[in-house]
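Before any comments, here is the structure.
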Amino acid sequence: MKKVLRVLLRGFLGLIALLLVLAGLFAYFLYTPDPELPQLSGSLAKGEIDVAGVKRGYRTYVPKDLPKGAPLVLVMHGSGEGPGRIRVGTGYAFERLADQHGFALVYPKSFASDWNDCSRIGDKEMNGVRGDDVGYLAALVDKLVAELSLDPARVFATGVSNGGSMALRLALEQPSRYKAVAAVVANVPAPDNFQCQPAAQKTTSVMIMNGSEDPLVPYAGGEISLLGLFYKGGPIVSSRASAQYFADWAQLVGAPQTSDNAVAEGVRVEQNRWRQDGKAEVELVTIHGGGHGLPQPYSKRPRLLGPSPMAPDGPAMIWAFFERQPK
């Protein structure tokens with residue numbers, strides 16, 4: 001009997017040790033403390049809109065005493081996430097910027113786990129139905145522009161990861177609605193994985209901000225996957241080829257203007273800009289030494305997603321890109 005008890009005790013202690021190891025690995029690779037919620041002038045509100053008989057949710061942040069004719073910025077979450085997670089994951093940076101620069105902010109929610117972006121692959125259906133995310137976002141923009149008396153010619157969209165991929169779809173298919181978009185850690189799908197229908201005439205300005213050490217969305221192109229084992233997202237072209245795709249679409253000829261600056265130990269920011277008077281602008285921001293996430297000074301991202309630099313201030317760079325677009 002004592003021998004059986006000793007065996008059971010050893011097994012129990014072994015299980016406890018295994019659980020402690022797993023908890024330690026979880027804490028090291030996945031856990032990051034949430035950033036402190038800043039003092040803001042406005043408040044967050046939940047909203048709902050009916051699009052083609054489907055109720056879709058969203059959250060808005062409107063600074064106190066926002067004047068009429070202010071811009072609107074859409075911030076789109078990553079795969080399997082929602083408005084709450086993208087707020088925390090970006091360090092509430094866009095709300096801070098909204099207070100500083102005077103714009104309204106909306107966090108939409110995808111229909112399924114993934115946004116229905118330009119890729120053919122992904123978890124984009126719910127109960128066998130694929131959502132019309134492009135139509136939902138268009139209706140949401142119209143609703144908020146009318147309700148808040150915003151400037152319909154100063155609507156911008158950005159997103160991280162799958163949200164960044166959705167921003168690229170908005171640029172391609174509805175360029176007349178969005179003055180500029182910024183896609184973070186997202187590339188253009190490879191031709192056999194591409195489902196978008198780019199507009200034939202008008203183009204819009206596009207920024208792509210990617211990390212060179214991204215373990216999920218490979219900077220050099222290839223298959224979207226985490227460590228080659230999880231989340232198969234289909235093949236994509238490289239970050240440089242993605243930027244060149246939009247430069248060609250906007251008929252921006254010639255080589256881009258290039259700058260390269262060290263911002264922190266082991267981190268460099270390379271900017272390639274395609275510009276011509278009277279045409280849309282394209283910019284590729286490469287975070288050399290950055291992983292999968294939007295760099296910002298308020299919080300780190302999980303180690304599993306690669307290096308997590310606190311510089312540059314990605315959200316501020318995105319807003320500067322939006323703000324300089326001609327009115």
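A few comments on the model shown:
- Flagged links, alpha-carbon separation over 30 Å, of LYS124/LYS300; LYS124/LYS327; LYS46/LYS68; LYS109/LYS232; LYS64/LYS179; LYS68/LYS202: LYS124/LYS327
- Here the residues HIS77, HIS101, ranked from fewest to most Cβ neighbours within 10 Å of their Cβ, fall in the order HIS101, HIS77.
- Alpha-carbon centroids, the stretch 280-298 and the stretch 181-204: separation in whole Å: 18 Å
- For the stretch 136-162 versus the stretch 209-259, the inter-centroid distance based on Cα atoms is 26 Å.
- Rh (Kirkwood; distinct C-alpha pairs) - the stretch 130-279, Å: 16.6 Å
- Computed from Cα atoms alone, the Kirkwood hydrodynamic radius reported for the stretch 258-327 is 13.2 Å.
- Square roots of five times the Cα gyration tensor eigenvalues for the stretch 131-173, Å: 20, 12, 9
- Cleavage-rule hits, GluC sites (Glu not before Pro), the stretch 234-327, DSSP coil, Cβ neighbours within 10 Å at most 11: GLU265
- Across the chain, the mean sequence separation of Cα contacts (distance under 8 Å, 6 or more residues apart), normalised by length, yields a relative contact order of 15 percent.
- In the stretch 50-155, the alpha-carbon atoms span a convex hull of 104 Å³ per residue.
- Each of [x] 55; [y] 50; [z] 41 is a candidate for percent of Cα pairs over 28 Å apart; the one calculated from this structure is [z].
- Note on TYR136, TYR107: ascending count of other Cβ atoms within 10 Å places them as TYR136, TYR107, the fewest first.
- Of all beta bridges that DSSP places with both ends in the stretch 36-323, some 60 percent have antiparallel geometry.
- Each other residue within a Cβ distance under 13 Å of SER212 adds +1 if Lys or Arg and -1 if Asp or Glu, for a net charge of -2.
- Cα principal axis extents for the stretch 259-299, largest first, Å: 38, 19, 15
No lab work stands behind these numbers, since they all come straight from the coordinates. Since the structure is predicted, the reported quantities are computational estimates derived from the model, not experimental observations. Cβ: placed from backbone, ideal geometry, glycine included. Neighbour counts: every protein chain shown.
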